[in-house]
Structure formats: C-alpha cells, structure tokens
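The values are calculated or read from the model by the stated rules, or taken from the named source; none is laboratory data. The structure displayed is predicted, hence computed values, not measured ones. All Cβ positions, glycine included, derive from the backbone under ideal geometry; neighbour counts span all protein chains shown. Only protein heavy atoms, including side chains, enter the accessible area calculation; ligands, DNA and RNA are left aside. Shrake-Rupley method; radii C 1.70, N 1.55, O 1.52, S 1.80 Å.
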Amino acid sequence: WKKDEFRNCNQTPFCKRARSRKPAPSSLIATHVSLSDGELVAKITNRRDDQIKPLILSLSAYQDGILRLKIDEDPSSIPPPPKKRFEVPDVVVPEFASKKLWLQKLDTKTLDGDSSPSSIVYLNEEYDAVLRHEPFEIYVRDKSSGKRVISLNSHGLFDFEQLKHKKPKSDQEEEKHDHDQYQDDDQDHDQEQVKEEKDEDEDWAERFRSHTDSRPYGPQSISFDVSFYGADFVYGIPERATSFALKPTRGPGLEDHSEPYRLFNLDVFEYVHDAPFGLYGSIPFMISHGKSHGTSGFFWLNAAEMQIDVLTAGWDADSGISLPSDRSRIDTLWMSEAGIVDAFFFVGPKPKDVVRQYTSVTGTPAMPQLFATAYHQCRWNYRDEEDVENVDAKFDENNIPYDVLWLDIEHTDGKRYFTWDRAMFPHPEEMQNKLAAKGRHMVTIVDPHTKRDDGYFLHKEATQKGYYVKDANGNDFDGWCWPGSSSYPDTLNPEIRSWWADRFSYENYVGSTPSLYIWNDMNEPSVFNGPELTMPRDALHYGGVEHRELHNVYGYYFHMATADGLQKRGNGKDRPFVLSRAIFAGSQRHGAIWTGDNTAEWEHLRVSVPMILSLGLTGISFSGADVGGFFGNPEPELLVRWYQVGAFYPFFRAHAHHDTKRREPWLFGERNTELIRDAIHVRYMLLPYFYTLFREANTSGVPVVRPLWMEFPSEEATFNNDEAFMVGNSILVQGIYTERVKHASVYLPGKQSWYDLRTGTTYKGGMTHKLDISEDSIPAFQRAGTIIPRKDRFRRSSTQMVNDPYTLVIALNSSQAAEGELYVDDGKSFDFKNGAYIHRRFVFADGKLTSVNLAPTSPGNSRFSTSSVVERIILLGNASGPKRAHIESTNLNVDIELGPLWLQRGRGSGVVTIRKPGVRIADDWTIKIL
Amino acid sequence: SSSPLKHPLLGIAPEDEKYYKTSSDWIKCKDGSKKFSKTQLNDDFCDCPDGTDEPGTSACPLGKFYCRNSGHTPLFLYSSRVNDGICDCCDGSDEYDGKVKCPNTCWEAGKVARDKLKKKIATYQEGVTLRKQDVEQAKLSLAKDEAELLKLKDEEKILKVLVEQLKERKDEIEKAEEKERLRKEKEEKERKEAEEKANQEKSKTEKEANQGTSEAEEKTNNEEKPIESMHVDDIGTLEDSSADQDVVTENDESEAEVEYSDDSGNEGSLVDGVEQHAAEAKEESAVIPETVHDSESKGSDASEKTEGLSKEELGRLVASRWTGENAEKQTEEVDAANDKDHGGHEEMHKATHDEEDDGYASETDDDNQRYEDEDMEDEVDEDFREEDHYDSGSYKSDSDAEPDLSDITTPSNPSWLEKIQKTVQNVLRAVNIFQTPVNQTEAASVRKEYDDSSAKLSKLQSRISSLSQKLKQDFGPDKEFYSFYDRCFESKQNKYVYKVCPYKQASQEESHTTTRLGRWDKFEDSYRVMMFSNGDKCWNGPDRSLKVRLRCGLKNEVADVDEPSRCEYVALLSTPALCLEEKLKELQHKLELMNKEQPQSHDEL
C-alpha cells in the first residue's frame, strides 16, 4: 500500500475545512415551511447573512418508517446556479416511489424546551420526524416517549458550498469573501484557517501530486453532522478492511485521531488489513445498534468522494450543545465533495427492519443462479485450453466438486475484452461446451478500460459513437491500464449502457456460449496514471456531469450494464451472473462482489469476515473474499483454514495472483487435499440451505451471512464480535485466524443450546465455550430450534445434484421443537418471479414433523416441481429414543436407527436418524415419531 | 430419486461378488463398523460409512462403483458419478435411472486403447533391450572410472613428492638468492630498509606456498584473490604460465560484470555473487520510486520522482506493481549502467520479459566456466595430445557445464610420469645451491620445472576430484542413468531452447540470454522424476525449478517443457532407462486381459 499516493483528509480541502469546524448552535433557519405534493418543503437561510442564497429542502415519508430528506440549491434563485447539481439516478428502485406517504396536513408547533416552532412529519405508528425551524435541525423520534432516534445538524455543522461561475482572475478575490456562507460566525479561529487555505487559489484548482484538478465550478462540498441515539456501536459504510463495529476516528480519549472513513472507489495495491481507508466500493449507509433503542440507519445517496468521522463522546463538550438524551449516543460527521443532500433515515427498530427498509430504497439482492452459489475456481491465469482441461480433470480425479472455472485478463488478445488469445484459446466454444457437459460454467473478465487501438472493433465503435468518458477539454479521456492507453465507456448514459449490454450477445461476443458469465474488474475505474490511480475529477460524463460528482457510482453503472447484457443475451430468461469489484449502494441488484486484491496472510483471513458482514448489512449479500489470498503464497494451513471459512462466504471463490505458486486444492499433499475437499463438501452439502437464504435476501434484504446481533439483538456480548458470524438464522461459524491453534473461545448467544455441525455435540447458549480445535474443521454450530435442509451426495457440480434426495437435520430446542425452510426453483430462470418455485416450511412439534407450503397457490402462475425425496431425517437433541416413524400420507412405518450426522466422516457415535422416509420434498406431509 | 436396480450386485467387481453372496442375511461393512441386511444392499441409502452396502448407487460418499466395460478396461468410479446424468463407463452401466441414455462404446474405445497399448508394448520391448545395453555399458564404464581413479591417486602421490622436492629446492635457491641480494643491499642501504625487505620476503614465500596448493581450485582462487595473485606475479616469477594471464583477464571480466564478494568459495561464490548482484540491482531500483513494490516507500521523495514521469511512464510503473514487468525494465537499466561493456545485454533484456536480471547473471556464470575450459584445453593441447577418454561421439558432451579434464592423464600412456620424474631428477642434480651467486639458468630451470609439475599436479587433483564427484552420483539402481552424466538434452520451444543437463543444471536459453531453471537436486518418485531446484530467482516469485518426468522411450529426448505455475517448470524426458521389464510384463498382462474380454458380449449386465 502506498500511503502517499492517496489523499488524506488534510490534503483534501473540503475534508480539511469541514473537519476543522467546531460544533455550535447553527445559524441556519428553516423558513417558508409548507406542504407540496404530499411532502414538506422549506427554505434554509442563514440568519446572520442574508446575502447567501437560500437552499430548498424537502422532507418526505415512506412506508415502513423511512424519512427522506433532500436539500439542494434553488433553481429559481437569482442568479440561478451555473448548473444542476448531480442527483444519482437509477439507484433508488422505481417501486420505492409508490411507497411514498402523502402528507395531508402540516403540524407545526413549539415543542417542549424549544423556543422556536417545529414541523412534525408522520412516519409510522411509532415514529415521526421533526423539522426544527431555528436553529435548523431534523430528527426522528419515538412518538410515545419523545426520545430521539437519529438527528441531523444537532451540532450545527451543516455546510453547503454553492456552485459558482468561473470568473476572470481579478474577480476571484471578491468571490472569496462571500464564500463560506453556511459557516457560523463564532467559529472565528477555524474560519481564519480556512480562509488562509483558500488564499492559495484552491477555489479554482486543486493539485495532488502531479495532477491538477481544474474544478470549474469552485468548491461545492456538503457536510453535516448526524447523531444516532441509543447506539452502542455504528457499522456499515463499506468498503474497507477494518473491524466490523466502526472505531471512532476523532474526539477525546483517542490517542491518535485517525483519518476519517473514506468512501472513494479506488484500486488499492496490496491494501492493509486494518485501515479506515476506502477500497473498491462505497456504500454511504451507516447502521447503529444499541441495547436501548435497537437499530437505526442513515443513508446518504451521494456518489462524490465522501469522508465520515465517528466521534467519541465529549467531542462537543465546548460547544454548549446538550442534546436531550440520557442514552448513549454516537455522533458522526459526514462530508462530501459534491452532489446534493438526498438522505434517508431508517427507524428500525430491529436489525432486520433496517435492512429491509434500506433495501426497499436501493433494491434487494438479485436471485443468483444455483451454480453461482457453489464453489468457483479462479486464478490469474488459467493459461490455455490445456490448462483448463487439466484443472477440470484434476477436480474430477480428486473427487472435488466445483461449478465455475474463471479466466482472467490473459485469455484475451492483448487485453482487448470480448476477444480471445487464439494461440492459447483456439477453440473457446468447444472448451466451454466441454465444461458445460459436466454441468460446469465459465467466467471471463471484461473490464471497462478499452484499448485505444484503431484495429479494435470495440474502440472503433465507441469512438465513432462518442461513447467514451471525456476529459476536462472534451476529448475522449485517455488513461493507462492493462492494455496500455485506454478509454472508458460512459455507462452513466442509458443509451451507452444499452449499447454496452448488446456487446454480450452471442453474435457480438465471438466465442461466448450460454454457459459463459462475466467478471467486471477495475471498474472503480482503475487508471494507472490518474490521480490516486483513478479518473481525474474534472473528467466529463454524459450531461456535463463531472467525474467528481459520480465517481463512486461509475463501477455500479458498468456492472449494471453488464448484467443487463447477460439478461438480454438470454432473452430475459437466464439470470445474469456478473462479479464486480467496484460497488455502490444498490449493486446488490446486479450481481456478486468480492473484496478485491487481498493477501495470503492470517490477518487478511480474519478481516474478510467483518468486510463481508459490513457488505451484507448494507445490502450486498452476495460477497466473498479471495480464498487463499490474492497476493502471496499461503502456507497450507492458512489455505485450509481459508477454505473452511470461505465455504461459508456467500460468494465462495479461490483466486490467486499470477506470481504465486499454483494452489489448486490437490497440490498440498493428501491430507490437505482431504481437508480442502471436506471444506468444499460442506458448502455443497449445505447448498439447499444457502439457496434458501439467497432467496430470503432476495425477498427481504436480510443478508445470507449476518452479524450475531442481527439474530440476537439484545445480546450485548455480540455487538462487536466480528470473528463469528451467522449463516442464516441457524448456523453460527467461528473462523480460526491464527496458525497452530489448539483451542478457541467461542461465544454462543441465546438461551437455547447449539449443536456442533459435525458431531452433534451439544453446547449451552449464552456463554463462552473453550473448545478444542483440530485441523479438521472450524467451529460451526446449528442453533437449537432450527431445521436445515441438506443434500449429502457429492457430485461433480451443483448441476448434478438437482434431483438428489434431501437430508433434514432437526435441532430440537428445550421444548423439543424446531422449524426451518426450504426454497427450491429451477436454479436458472426468472420463472420464480411468476411463482414457479417450491417454498416449504418444516415444523417439528409434539413429536411430529410437518411440511407445509409457503408458496402462493393461486392458479395461473407457472409451476415448478421436483421428484426429489427426503432420504434421511436427523433428530438432534431428541430425548425419547424412538424406534419407528409413521408417515401419515402413505400410512407406512419406517425405521429409526442411530446413524452418522455426516456420512463422509461417519464415525461411531450415532444420532437419531429416520431411515428412508421417502416423502417428496414438494409435497405436504406429516411424519410422526413413534 | 431412486430407481430399481437392474441387478442387485450392480457396481460390484467380479472378484468381490463372493463377499456379498454369503448365506447369512447380514453382511458386514468392510470397515467393520456395522452390518447391514441383504435387503439394504444397493437400496439407495447409505448404511456403511465406507460404502460397502451401496456399490451400485450414489448414496455413500465414499463408495466405489465398478463398471465391467467388456471389450475395454474395467473401471472403478466414485459413487458420486452414478446416475449423475454423465456417461462415465463406456458400457453405460453407471447411468441406469433412465434420465440419460449412454450408448455402449467399449468396443470402439477398447480397440483404440488396445492399439495404443500394443504400440506402447512395442516401444517397451525395444526399450528394454536398449536399456540392458546401456546398463551393461554403464557397468563397464563405471569400472573403468573407478580404475582410473585409483591410478590417478597413485600418480598423485608420486607427483606430490616430486613437487615437494622441487619446492624445497626452489626455496633453497631463493633463499640463497635472497641472501646474496641482502648482502648486496646491506652494502648500499641502511639496516631498517633491509629488515623491511626481509619481511616482504617472508610474505612472498607464504603466498607462493598458497599458490601451490590452490591451483587445483583455480577458479575459486582466481575469484578470491585476483589482486593479490597479480601482485605476487609481479614480484615473483615473471615468466609465468599462460594460465595466470588468463586469470587476470578472467578477473577483469568478472569484475566488470559481477561484483563478487570474496568470502565465498567455489560454485557457491558464483551464486552468492549473482544474488548479491540481483539484490543490489533491486536496491537501486527501489530508490527509483514505486518500481519494486515496497509498501513503506517514503512519501515525499516518491511523489517527487513520479512527477517527472510522463503519463505513459506512470501508467506502466503502476501496472508493474501487479505484473512485475516494468520493474524489471528498471532493473535492466541498472544493469546496463553497471555494465557498460556489455553492449549485447541491452538487446537481450528487451527480448525477454521477466528473466532479464537472472538470465544475465547466469550468462556470467557460463562465461566464467567457458574461460576456464578454454584455458584448460590450451594447456592440454600443449602437454598431452592423447586420445579422448570418453566416447563422446555418441554423447552430446556439454563442455560448457563442466571442464573436460579427460586429457590430463591417460591410462594408455603411463610414461609421462616417468618422464617428469627423470627430468626432475636431472634438474635437481644439476643445480648447485651452494654456489654463490646461484647459476641463473639452473635456477630458472628449477622454477620452470616446479611450475610445470605443480600445474600438472593441480590438474591431476582436479581430475581426481571431478571423477570422485561423478562416482558419488546416484545413477539409479541399475546404473541406468550413468550415461546421463556429462550429457545435456535440448528441446526447442517457440523462441526458447531448454537445456537439461542431468547431475548439473537445467536452463532456458533465448538468443544470448540464459536463465537457470535449476541446479541438479535429485531423483524423485522412484527414479521417475528428476528434480532441478534453486534456479534463478523470479521477480516476486519463487526460485525457478524444473521437474523432469521420465518415461520409457527409445531415444533420450526432452519434450513438452511447460511452466504450469510461475517459475515452476516441468518437462518430459523419454529415455530407454525407464523401459523396465516389470512394467513391460504388466502391460502385456493388461493386453492379455483386454483381449480376453474382447469376444464377450457387453450386454451381460
């Protein structure tokens, strides 16, 4: 990691300015408050300076406890702003508009303890939102108690730099004086500093290293403070490699004030495992969780560079501000270089509520194809067709299943995407078809940097059509990436997205077949010779949008266009699979993401878990880290541990840099091959469970992999535990992150007990257990009271498992009851949207297991069915020692015997097993234990 | 879903059927863990953890399915392949649930396989004969080598005595000369000066003593003490041998190319030198910002440096962090700067991508050896014009890798030693050391004789050492790899020539660049693999290594050199040495079995 190559806050004028301001009562007031189009509108003015143009504000409420706040320049002001500020399109899902609540009347009154009136906006039965007029402040509160949940500008740090016309040099001096319009006068000292800063002519240009940013509209940043009440910790705002619960960055009690959390999509070479520094993606969504309120969230839809401080208690001690709350509170400072305020407040109060609320704005994760939820084998690079064939054959030889083989950049003809290096890959279709015959898929990489080569069809067409991002002078932007001199399609433009999508048709992408899917890398975008290895901020996009305004969402549009392409390719019948590195809020709708170029070190294995938890919490459910670590050579022990954890990542892919030694699973001796095979088998065994969880995420936004507190919201011991995680609501996994470990302490939450996933051994909940650790596996447990569907036969790939029979593992709780779900569809198409799926609920109570239908049964929907049966039912924690089971539908009795919990590790001790009940998974049935 | 099995014993090998056909109603799991009833055999539910009860279904993860494949070869499949929709057995018996139809292809496939097997057998048959011949030849040659070694050791003893005598005489002469010189000086100079001279004389004597023993390891010595030995030459014997002059040039050469540290010995010194060189190059390139990926580069000066770069240079520089390619371009510049004499290198660096600095270093290495060899041959030409010891006609002798010392002594001409003995005796007799001043002609002849004899001695010792070195090698259980010694096998692939020299090293050559893929390490996998390891270092990767798989073939030929993992090469070498009789029998047996299966119908199951 090259620290000096990236800007820190001090080198970033807007960040430095915002950070240097001190909290104080705001000089801003809300005026002209009224209702319009079912929402509250108002103007924000500075009571100390009437020269400053007012801003317009709107507050709207949406179903399920969501408040939306917008603040922008007033287009009707005189003179009008030089241009419209960028509002991020295509991130808020269209359905969200229909959830708007039409406000009927304006409720304005002076609340207790205030000296000025406030306007109150209805949110739901329990919560409302308050706009305090003077000083300007917005908060969400609990109606009955009046207690605050989230507030904005309680510390008076709101600032909004308005766009200016670039004037001739001589006029610039004057301009400077009326610039800091939304700062408070009593911040004299800091203001001095800020002024000094500006004297360096930085209004109109900004330099970083050898790059100059022309900044034609002057500074245009926005900043404000947000407070979370009843919060013990805040989480979210990925992507970065650091702890899950966000450590404070500033305030008393911190020895070293750190950098703020940065949200700026960058290709960071060899990133370090613990830093607030932002990586490849940006999701400006923060979640707070605490014992007293529960969970709440704040999302700022803004794609410019953002910096966020998490402040320690007492940072505002000198401000004279005392917020009306005796509960724990976490204050944060949000700063963005450009854009508008378009912010969403989510009231919770349960963790899953916040996630549902957030994904109702940005969309729920796409439903992946079944194959994509299985194991992926990748390397930079599988060199040629022979290499591909050998690797594929070796998986079979070693009886290790895998579903997807990946080709990195070297498969192309000179890094020209959509082409093949014909010397290495003379028969791409045949190669794909060979794998497809075994039910396997391939993925090729397609990056946005397009080689500037007149003989390259893609470049020719993009140039002719004017589809590239432009530089500040209006010429096609020319930057350096893998192919050398490159340009970048401007996928902000829907027309260009549509054109890009068409590149993926079988006709246009020569050598592609229906079993080929896509990987988008370098879409931050990575520009090797650009400032901070990315595109200059003054580059221009469709509609005159400056790159600074949309930087963080560039990769999102590229990902979106690619996913659209795959959908178009299959005539809308085949679910796309596109892996992206760059992300923004809403990327979950387009495909999977991975955490980029990590390193083969234990600490990188450890940090992969909080990274995936943060992504899941902010909507990106389908994520994973490169198993084994991208850079460097993992010791076999690390590799094995990584597979053991990775088998539970939502996205499970091994990947490696081309300088590393080969590390396919069979290359480390028989024992390690066995251990890795075992880890991969665990994933395949649990595929029915995973697929059900993917569907849950698809319908509710609740991520596949969750923090413990999402399932146990009131257990404080779990709030900052990021070594363990939940897979769904039934499995708890604790990674092993150090070498040669013999013991590990694992906290098992809740009142119910837990069953070791492999042995069935019972552990009490609500306490920490010191466990013996072997190389065989990492600690993993099934929660009492749950039922997990499995498929225990290992095939070459998930494709061959489709008709295999199920095993149901019932982990009984203290009242001898349990329940679970299973979702099944065709694994490929969108027919599930029309009801073509099986969704069962299994309930075990009173000695009876019942399977009931959860899917709608209305006629006219398309249907999906399967002849798969249940071959085995395992009862964990059964006290009675039953001998037989009675199947009510067929009126047959079947044997109950003691069997192994895991077939391939079938060691002596037995668990109660119902042998061959033979019921169809798609049917309703009841089985009574006799 | 389970489908009725066509046959209760499906998936069981014929030799295993009796295990299942017991009279009892219960069958034991083979691992002894449980037993199961006959109705549970192949009932699509796994009862035995080891899969004993489900040979014909996919129910047990550890099960194996047997397909008979009449007309071809029987096969055991992982049970996971049963009814998975993919035809694995050529008789189609693994897919019986009706979801796919698998045609029986055993007959055709079997024929192809049999033909292939027949061909292989033919190769083996011929190969086995060749191998026998080689083994015989190897045994003879080895005996010869051993005999020669014994003889050489005897000769060494005699020659050592002679050299000792000559040295004594030489020392006496020099002492006498010195005495006389001192006496003369005394007359002219002060005593203090004279004492100094005495000291100098003392040190000179020591040096010469060193020289005597160390010539056996010419290379080492030359590298170790280039300056000193030149110095000695200056003061001492002016009419020195050509060998010493070569030493001087060689030193010049090596100094220009590689800055050796002088504390390492022998071959090792080359390696160390190279590594040090590489390390230096790296250090230097690290100073240039951002070339070598260095997570702790210093902020300010790094940014200053990149500002001087053009946009394209910056782009390349950053790309190189991931690829390493450009960083080597930097290294190349450093090399070029260090090494202005070698105009050819620049071009060579451009030609390859990753191997520059390594390739460069190993060329240096080769050069050194070549000088040494030429040097050796020159001398050999002067003194011994005898027939070659080795029958190099049939072998491709690799003179670059190892000096050919064969001509120093020849068993067929034992008289050379006697000749020397006689000459020495004459010389010794002739010189009258008590005569003052010493007769210059006589003194010179003693010196010359001493130099000649000790040079011969060192060559003799060098030959002894190389012969012992050779005899120490592992030539395989039947000495079948004896002929690989002193041989190299080449394979040209695209722009590269791969050179595999067993017991020595393996390299990859491209025009003027040589990259060492590895030094000889050992045989592995019961003499089926030759390992070369610790080759030139890879940028950001491991040391290069080469694994040569051996297979039976009629000629010694390298083929299919590949780099499956970065800097880890594999190659295939066919050789009669691998054509083992047991294996031939095995193959013949296999063919018999296949032929036996042929006439049977394949629909039996």
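For the pair A and B, the buried accessible area comes to roughly 4700 Å² in total, with a 1.4 Å probe and the value rounded to the nearest 100. At each listed q (0.16, 0.21, 0.24 Å⁻¹), what is the log10 of I(q)/I(0) that the Debye formula gives for region A:787-884 modelled as equal alpha-carbon point scatterers? For region A:787-884, the Cα-only Debye profile gives -0.77, -1.10, -1.26. A viscosity of 1.002 mPa s and a temperature of 20 °C, combined with the Kirkwood radius over C-alpha pairs in the Stokes-Einstein formula, give region B:16-73 a diffusion coefficient of 182 µm²/s.
Binning all Cα-Cα separations of region A:530-654 at 10 Å, short to long from zero, yields these whole-percent fractions: 13, 34, 31, 19, 3, 0. The alpha carbon gyration tensor of region B:474-518 gives principal lengths a ≥ b ≥ c with a/c of 1.5 or higher and a/b greater than b/c, which makes the shape prolate. Take each residue of peptide A:800-808, count the partner chain Cβ atoms within 10 Å of its Cβ, and average: the result is 3. Taking max minus min of the alpha-carbon positions on each principal axis, region A:680-829 gives extents of 42, 34, 29 Å, largest first. What the phi angles of region A:525-530 give under the Karplus curve with 6.51, -1.76 and 1.60, with θ = phi - 60°, is a coupling list of x, 8, 10, 4, 9, x Hz, glycine and proline written as x. The residues packed around A:Trp482, meaning those with a beta-carbon under 9 Å from its beta-carbon, carry a net charge of +1 if Lys and Arg are +1 and Asp and Glu are -1.
Taking a Cβ cut-off of under 10 Å around A:Leu59, the surrounding Lys, Arg, Asp and Glu residues balance to a net charge of +1, with basic ones at +1 and acidic ones at -1. How much of the pair distance distribution for chain A lies past 59 Å, counting alpha-carbon pairs only, in percent? Of all Cα-Cα pairs in chain A, 9 percent lie more than 59 Å apart. Sorting the segments A:621-630, A:244-253 by their residues' average number of neighbouring beta-carbon atoms within 10 angstrom, most packed first, yields A:621-630, A:244-253. Coupling constants for region A:748-753 follow from the phi torsions by the Karplus curve (6.51 cos²θ - 1.76 cosθ + 1.60, θ = phi - 60°), and in residue order they are 10, x, x, 8, 7, 8 Hz; glycine and proline get x.
Taking amide hydrogens as placed 1.01 Å from N in the peptide plane, the amide H of B:Thr514 sits under 5 Å from those of B:Glu363, each at least 5 positions away in sequence or on another chain.
The mean count of C-beta atoms from other chains within 10 Å of the C-beta of residues in B:77-84, rounded to a whole number, is 6. Close amide-amide hydrogen proximity is noted between A:Glu137 and A:Arg132, each under 5 Å apart and 5 or more residues distant or on a separate chain (H modeled in the peptide plane; Pro and chain starts excluded). A simple rule links phi to the HN-Hα coupling: the Karplus curve 6.51 cos²θ - 1.76 cosθ + 1.60 with θ = phi - 60°, which for region B:440-453 gives 5, 5, 5, 4, 4, 5, 5, 4, 4, 5, 4, 4, 4, 5 Hz, with x for Gly and Pro. Within chain A, A:Cys378, A:Cys481 have no other Cys Cβ under 4.7 Å of their Cβ and so lack a disulfide-compatible partner by this rule. Treating each Cα of region B:31-154 as an identical point scatterer and summing with the Debye formula, the log10 of I(q)/I(0) at q = 0.14 Å⁻¹ comes to -0.74. Across peptide A:913-920, the mean count of Cβ atoms from other chains lying within 10 Å of each residue's own Cβ comes to 2. Among the GluC sites (Glu not before Pro) within region A:238-282, those in coil by DSSP and having at most 13 neighbouring Cβ atoms inside 10 Å are A:Glu255. Packing order of peptides A:346-356, A:737-747, highest average first: A:346-356, A:737-747 (average count of other Cβ atoms within 10 Å over each peptide's residues). Over 28 Å apart at the Cα level, from the set A:Lys415/A:Lys465; A:Lys109/A:Lys164; A:Lys143/A:Lys291; B:Lys153/B:Lys499; B:Lys470/B:Lys495, are A:Lys109/A:Lys164; B:Lys153/B:Lys499; B:Lys470/B:Lys495.
Under 5 Å from the amide H of A:Gly766 lie the amide H atoms of A:Leu748, A:Gly750, each residue being 5 or more positions distant or on a separate chain, with H modelled from the backbone and absent for Pro and chain starts.
Its Cα centre serving as origin, region A:634-792 has a Cβ charge dipole (Lys and Arg +1, Asp and Glu -1) of approximately 320 debye.
Quick one: which of A:Lys2/A:Lys470; A:Lys883/B:Lys28; A:Lys916/B:Lys38; A:Lys394/A:Lys742 span more than 26 angstrom between C-alpha atoms? Don't skip to the end; give the middle numbers.
Values: A:Lys2/A:Lys470 28 Å; A:Lys883/B:Lys28 22 Å; A:Lys916/B:Lys38 16 Å; A:Lys394/A:Lys742 32 Å.
Pairs exceeding the cut-off: A:Lys2/A:Lys470; A:Lys394/A:Lys742.
Using Cα pairs under 8 angstrom and six or more residues apart, how large is the relative contact order of region A:438-551, in percent? Each step should come with its number before you reach the end.
On the way: 169 pairs, mean separation 36.3, N = 114.
Relative CO of region A:438-551 lands at 32 percent.
The distance from the alpha carbon centre of region A:479-544 to that of region A:229-264 is 33 Å, rounded to a whole number.
Hey, which of these cross-link pairs are over 29 Å Cα-Cα: B:Lys459/B:Lys492; A:Lys83/A:Lys568; A:Lys848/B:Lys30; A:Lys434/B:Lys116; B:Lys522/B:Lys583; A:Lys99/A:Lys833? It would help to have the intermediate numbers written out before the result.
Values: B:Lys459/B:Lys492 36 Å; A:Lys83/A:Lys568 35 Å; A:Lys848/B:Lys30 36 Å; A:Lys434/B:Lys116 24 Å; B:Lys522/B:Lys583 23 Å; A:Lys99/A:Lys833 21 Å.
From the list (B:Lys459/B:Lys492; A:Lys83/A:Lys568; A:Lys848/B:Lys30; A:Lys434/B:Lys116; B:Lys522/B:Lys583; A:Lys99/A:Lys833), the Cα-Cα distance tops 29 Å for B:Lys459/B:Lys492; A:Lys83/A:Lys568; A:Lys848/B:Lys30.
The orientation-averaged projection of the convex hull spanning the C-alpha atoms of region A:622-754 amounts to 9.2 square nanometres.
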